[in-house]
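Reading through the structure tokens given below for one structure.
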Amino acid sequence: MEDNKHADEHKFFEGPQKRTAEGAFMFKVGLEFIKGYRTFHFLGPCATVFGSARFKEDHIYYKQAREIGKRLAELGFVVMTGGGPGIMEAANRGAKEGGGVSVGCNIVLPSEQKPNPYLDHWVGIKYFFVRKVLLTKYSCAFVVMPGGYGTLDEFLEAVTLMQTNKMRRFPVVLVGKEFHKELYAHLQSLIIQGTISKGDIELFLFTDSIDETIKHIADNSIDKVLQHPKHKPRWWLGEKRLRKD
């Protein structure tokens, strides 16, 4: 049986539709972008942490993400995640413990993924591609923890955008050498096969070290934090500053 919450997406991916249906879908997409812009525009520079929703708080990856979130907040970043449980919760939790701002860009799914309790601000987005754009647009750094299909999708899209010069280079860290060893070996095989260049493997840092993660981000993006433009809210548009000063 078709999931009614996602019926318009199912129909969209089935090929050309009536012009009115295509126009209505584009209007909904535009509204989703506007909702994200209004939520995140006044946050300041963000560092986004990706990872599985399935790890519990006693898991080593949860503990690592919590510490990374804390130290990113101490650097001056707003810590952004997908807003759900697991690694996302851990990073948001760490950000709060580090005295920083914690935000989430949650995805609306049939399983009803709920925002975690450590968010200062969050928005629920219906469409995955809108969510990915928002997570990228407002980030000065990506930390990719162990995860599933969604985490890999976000990681590979980021390095693809940098590889093709569609986006300026910014620090991306792939954390978890044991977990990601087959992925890293596969990426190295792409160099041997000639489908990517040798320099493309340097678009991200591969590490187990939290210290190395934080240093890489600080060395390659801290100027963006210091120079980030401070947009002024317009009260007559119902806007307000969300970031703690």
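Sort out which residues of segment 1-31 are among the aromatic types (Phe, Trp, Tyr) and either open to solvent by less than 90 Å² (accessible area, probe 1.4 Å) or at pLDDT below 85 (or both), and write them in order of number. Please lay out each step first, then the result.
First pass over segment 1-31, keeping only residues among the aromatic types (Phe, Trp, Tyr): 12-13, 25, 27.
The answer is Phe12, Phe25.
Apart from one condition, Gln113 fits all of (1) surrounded by 14 or more Cβ atoms within 10 Å (Cβ to Cβ); (2) at pLDDT 95 or above; the exception is (2).
Applying the condition of being open to solvent by 50 Å² or more (accessible area, probe 1.4 Å), part of a loop (DSSP other than H, G, I, E, B) and not charged (D, E, K, R) to segment 116-146 and asking which residue is nearest to Gly98 (Cα to Cα) yields Tyr118. Elements of the type helices (runs of 4 or more DSSP H) sitting completely within segment 1-81 and holding at least 1 residues that are farther than 23 Å from Lys126 by Cβ, without any contact (Cβ under 8 Å) to a residue 40 or more places away in the chain and not aliphatic (A, V, I, L, M): these cover 60-75. Can you find a residue in segment 170-177 that is at negative phi, surrounded by fewer than 20 Cβ atoms within 10 Å (Cβ to Cβ) and in a helix (DSSP H, G or I)? No, the conditions are met nowhere in segment 170-177. Per this entry, Val173 is not counted among residues that are closer than 24 Å to Val130 by Cβ, β-branched (Val, Ile, Thr) and modelled with pLDDT of 95 or more.
Listed residues His180, His231, His216, His186; which is touching a Phe, Trp or Tyr at 6+ places or on another chain (Cβ under 8 Å) and at pLDDT 95 or above? Even if it seems obvious, please write down each step before you answer.
On the way: His231 fails: at pLDDT 95 or above; His216 fails: touching a Phe, Trp or Tyr at 6+ places or on another chain (Cβ under 8 Å); His186 fails: touching a Phe, Trp or Tyr at 6+ places or on another chain (Cβ under 8 Å).
Among His180, His231, His216, His186, only His180 is touching a Phe, Trp or Tyr at 6+ places or on another chain (Cβ under 8 Å) and at pLDDT 95 or above.
Going by the structure shown, is Gly44 touching a Lys or Arg at 6+ places or on another chain (Cβ under 7 Å), surrounded by fewer than 24 Cβ atoms within 10 Å (Cβ to Cβ), more than 22 Å from Lys177 (Cβ to Cβ) and not polar (S, T, N, Q)? Against the criterion (touching a Lys or Arg at 6+ places or on another chain (Cβ under 7 Å), surrounded by fewer than 24 Cβ atoms within 10 Å (Cβ to Cβ), more than 22 Å from Lys177 (Cβ to Cβ) and not polar (S, T, N, Q)), Gly44 qualifies.
Take the residues of segment 157-169 that are in a helix (DSSP H, G or I) and open to solvent by 40 Å² or more (accessible area, probe 1.4 Å): which is farthest from Tyr62 (Cα to Cα)?
Here is the first cut: in segment 157-169, the ones in a helix (DSSP H, G or I) are 157-163.
Remaining after also requiring open to solvent by 40 Å² or more (accessible area, probe 1.4 Å): 157, 160-161, 163.
On the way: Glu157: 24, Thr160: 27, Leu161: 28, Gln163: 30 Å.
This residue is Gln163.
Restricting to segment 94-110, count the residues that are in a strand (DSSP E or B) and crowded, with 22+ Cβ neighbours inside 10 Å. Total satisfying the criteria: 4.
The values are calculated or read from the model by the stated rules, or taken from the named source; none is laboratory data. Predicted, not measured: the structure shown is a model, and the values here were computed from it. Using ideal geometry, Cβ is built from the backbone for each residue, glycine included, and neighbour counts are taken over all protein chains shown. The accessibility values were calculated without ligands, DNA or RNA, using every heavy atom of the protein model including side chains. Shrake-Rupley method; radii C 1.70, N 1.55, O 1.52, S 1.80 Å.
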